[in-house]
Structures are given as structure tokens and as C-alpha cells.
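What follows is a single structure, written as C-alpha cells, with notes after it.
The values are calculated or read from the model by the stated rules, or taken from the named source; none is laboratory data. Quick caveat, the model's predicted, so the values are computed rather than measured. Every residue, glycine among them, receives a Cβ derived from its backbone with ideal geometry; neighbour counts consider all protein chains shown.
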Amino acid sequence: MDKNNHTEQNQEEKELDTIQEFLTFEVDKEIFGIDILYIHEILKPVPITRIPNVEGFILGVINLRGEIIPIMDLKELFGLGFCDILPSTRIIVVVTGEKRAGLLVDSVKQVVKIRKDKVSQADEDLSVNYSELIESVSQFEESLILNLNLSKVMDYAGEEA
């Protein structure tokens, strides 16, 4: 009995090594993903304090429980115009190292589990459209998910905030 439990546990650990989880969201009808490990929380839109003389994609800052966090409009960052604030609009608060930022997106979809062999690095053709902001592309069911290179996105937030 113990041997079977041990074998099942090893099998689960092996599966975890081959699975990557992404929070998927929509920007201008495209599906994007962020590794779930970088997600701090998801917020409904809140009042944003504007900052003068910053790039257009930096909407301003919010006070999140005493911490000042820059908010970026991903649609504008990708050069697709500004995100409309609708009932489905969300702010995804992400964390990498010591940096936090909020990403304004059209809507949040779901968390998906993708086998690592279904994740491929972005090629040159893709990087022309979205510059270096896309790290990889995943296949989930019938759709492709463009996975953000969060460290590059955070570099944009860090320059301005």
C-alpha cells in the first residue's frame, strides 16, 4: 500500500515538472498569458493618480494598501490604442523580485495548465509585432497564448515610475 502511494506521489511530482500555469487575459481580442508565479492579485479598476511627463502607456499610480504601484495600459504599450474601462476591465498586479506593477487589460480569462513541451519561444516574426515583450507562445486547446516577458514589461514600468 505504501509503495503505491509513493509511486503516485512521484508521478504527480513528474507531472508538476512538465506543467506550467498561466493566467490568461485579453488585450485587443488577443489572448495573452503571464506565469501564475508572478501574479500578486487581480483588481477591478480603481481611481488612478496621473503622473505628468511620463510615457502614454503609464496611466499613473495607485495606492494598494500603502504601497504605490505604477499602472500600465498594455494595449497602449503594444501600440494598439488605449484600453476602454468596461465592466470586464481588470488590473493584474504582478511582482518580479522587488518590483510591482499593475497591468490594465480588457478582461481576465482563466488559469490554464500547459505542458512545457507546448510552450515555444517567440520567433522573429512575432517579435516584430510586439517587440521583445512576448517571451513565448503556448498552445491551449484550439488557441494560441502569447506569454509576456514580464521582466521586459517591468523594465518599461521601472523607467517611468
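Here are a few things to note about the model shown:
- Leading residue by the ranking (modelled with the lowest pLDDT) among those in the range 6-41 that are under 13 Å from VAL112 (Cβ atoms) and among the polar types (S, T, N, Q): GLN20
- Yes/no for ASP84 being modelled with pLDDT of 90 or more and of a type in the set (D, E, K, R): no
- Residue within the range 43-53 that is touching a residue at least 24 places away in the same chain (Cβ under 8 Å) and closer than 19 Å to SER151 by Cβ present: no
- Of all the numbered requirements in (1) surrounded by 12 or more Cβ atoms within 10 Å (Cβ to Cβ); (2) over 17 Å from ILE145 (Cβ atoms), VAL105 misses one, and that requirement is (2).
- Failed item in (1) at pLDDT below 90; (2) assigned to a loop (DSSP other than H, G, I, E, B); (3) surrounded by 13 or more Cβ atoms within 10 Å (Cβ to Cβ), with ILE51 passing the rest: (1)
- Residue that is nearest to GLY102 (Cα to Cα), among those in the range 67-83 that are in a strand (DSSP E or B) and touching a Leu at 6+ places or on another chain (Cβ under 9 Å): ILE71
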